[in-house]
1. Please work out which residue is farthest from the chain's Cα centre (by Cα), limiting yourself to the stretch 7-34 and to residues that are buried (at least 16 other Cβ atoms within 10 Å of the Cβ) and of a type in the set (Ser, Thr, Tyr).
2. So, in the stretch 47-56, how many residues would count as being under 14 Å from Tyr78 (Cβ atoms) and either small (Gly, Ala, Ser) or surrounded by fewer than 22 Cβ atoms within 10 Å (Cβ to Cβ) (or both)?
3. Give the stretch 22-32 a look and list any residue that's part of a helix (DSSP H, G or I) and either of a type in the set (Gly, Ala, Ser) or in contact with a Leu (Cβ under 9 Å, 6 or more places away or on another chain) (or both), or say none.
4. Considering the stretch 45-66 alone, what residues qualify as being part of a helix (DSSP H, G or I) and without any contact (Cβ under 8 Å) to a residue 12 or more places away in the chain?
5. Only one of Glu4, Glu40 is over 13 Å from Asn69 (Cβ atoms) and buried (at least 16 other Cβ atoms within 10 Å of the Cβ); which?
6. Among Ala19, Ala35, Ala42, Ala9, which is the only one that is small (Gly, Ala, Ser) and not in a helix (DSSP H, G or I)?
Amino acid sequence: MSSEAVEVALYDLGVKREARTGFASDPEAFLARYALTSEEAAMIRDFDVAGLQARKVSPLLTMGFWTMNHPSRSLRDYLAHLRACQ
């Protein structure tokens, strides 16, 4: 896993409005901009934050990604998802 590319994508999705808009309208096209493996892109597209964290991606980035992009945008849902995946 190229954690640097994953973390750059998650950072952009957490802080850049145009990134969030692009991801929401066409996740595949948005993720193609980054040097991600198909597995990495799938984890981001599917909001697999537990899988990302298991691969040593920053928990702060996964939390920001979730709360800015997931349909629920709920910190409670984020924490419930992480607990369910343990």
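1. Result: Tyr34.
2. So the count comes out to 5.
3. The answer is Gly22, Phe23, Ala24, Ser25, Ala29, Phe30.
4. Matches in the stretch 45-66: Ala54, Pro59, Leu60.
5. The unique qualifying residue is Glu40.
6. The unique qualifying residue is Ala35.
Every number here is computed from the coordinates shown, using simple stated rules; none is lab data. Keep in mind that this is a model prediction, so the values were computed, not measured. A quick note on method: Cβ atoms are made from the backbone with ideal geometry, for glycine too, and the neighbour counts reach across all protein chains shown.
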